[in-house]
Amino acid sequence: HIKNVLRMKPGEKIRVSNQKGQDYFCSIIELGDDFVQADILDSEAANTELSSKIYLFQALPKGDRMETVIQKAEELGVQESIPVAMKYCVVKLDAKKAENKRKRWQAIAESAAKQSKRSLIPVVHEVMSFKEALSYAKECKVNLVPYENERGMEATKEAVLELKKDDTISVMIGPEGGFAPDEIAAVDGTMHRISLGRRILRTETAGLATLSMLIYTLD
């Protein structure tokens, strides 16, 4: 890509990430058929990661909407994306299909990370059950659940303004049909139910709207 598409030449500068959160400005020394050699310059590039780690739990949507969610979530800075099979999800994946989907989603995450100059490549997890997702999410310090029947933005403002840098944050997004009564009951008392406003958002919009609010506070 550097050689044949961008047609860069020795002496030109590139930004290189070690995928562990460190980024460097480098100067190209040599371009081979299957390698690019570059020297690290004195200046280290600014880290592009959020101070907090955000884990997006996304109920499986219909069609190719998950691809859009993954792509945009990685651009917005999530640490991990976790597809979740919930009761009202229309999509049902067997183990083989789920793994094939995960591989494609991971490739999309890598592409989005490169495009947005992330300092690491976010992880796309295997599909989890709702019970597994709850257990995994509760390892985070702050747990947010945008809920279509939650009224008023006061709880949302309070939860967002209380966030601190270095917090680990989970965001649990329901499917097109919404959370089942037993699912939303399971999060009460352990997670913060929040509203995203007076309008009902699509499942692929809800997570991105939440992430945008978090970035405003954390970035």
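The values are calculated or read from the model by the stated rules, or taken from the named source; none is laboratory data. These figures come from a predicted structure and were not determined experimentally. Here the Cβ positions follow ideal geometry from the backbone for every residue, glycine too, while neighbour counts run over all protein chains shown. The protein model used for the area step is the full one, side chains on, heavy atoms only, and it has no ligands, DNA or RNA in it. Shrake-Rupley method; radii C 1.70, N 1.55, O 1.52, S 1.80 Å.
Selection of the range 185-202 for residues being closer than 23 Å to S129 by Cα, open to solvent by less than 60 Å² (accessible area, probe 1.4 Å) and within 22 Å of the chain's Cα centre (by Cα) yields V187, M191, I194.
The number of residues in the range 81-113 that are of a type in the set (K, R), farther than 18 Å from Q71 by Cα and either in a helix (DSSP H, G or I) or open to solvent by less than 80 Å² (accessible area, probe 1.4 Å) (or both) comes to 2. Scanning the range 145-178 for residues that are in contact (Cβ under 8 Å) with a residue 40 or more places away in the chain and of a type in the set (D, E) yields E148, E150, D166, D167, E176. For the range 6-35, enumerate the residues that are over 22 Å from L50 (Cβ atoms) and part of a strand (DSSP E or B). Listed by number, the residues that qualify are K13, I14, C26, S27, I28, I29, E30, L31.
With respect to being at pLDDT 90 or above and in a helix (DSSP H, G or I), A155 falls outside the description. The set of residues in the range 1-23 being farther than 18 Å from D39 by Cβ, open to solvent by less than 60 Å² (accessible area, probe 1.4 Å) and hydrophobic (A, V, I, L, M, F, W, C) is empty.
Across the range 36-70, what is the total count of residues that are polar (S, T, N, Q) and either surrounded by 18 or more Cβ atoms within 10 Å (Cβ to Cβ) or in contact with a Ser or Thr (Cβ under 7 Å, 6 or more places away or on another chain) (or both)? Count: 4.
Restricted to the range 137-157, and to residues there that are under 17 Å from D188 (Cβ atoms) and basic (K, R), the residue that is surrounded by the most Cβ atoms within 10 Å (Cβ to Cβ) is K138.
Looking across the range 114-127 at every residue that is surrounded by fewer than 19 Cβ atoms within 10 Å (Cβ to Cβ) and without any contact (Cβ under 8 Å) to a residue 60 or more places away in the chain, the one that is nearest to A98 (Cα to Cα) is identified as E126.
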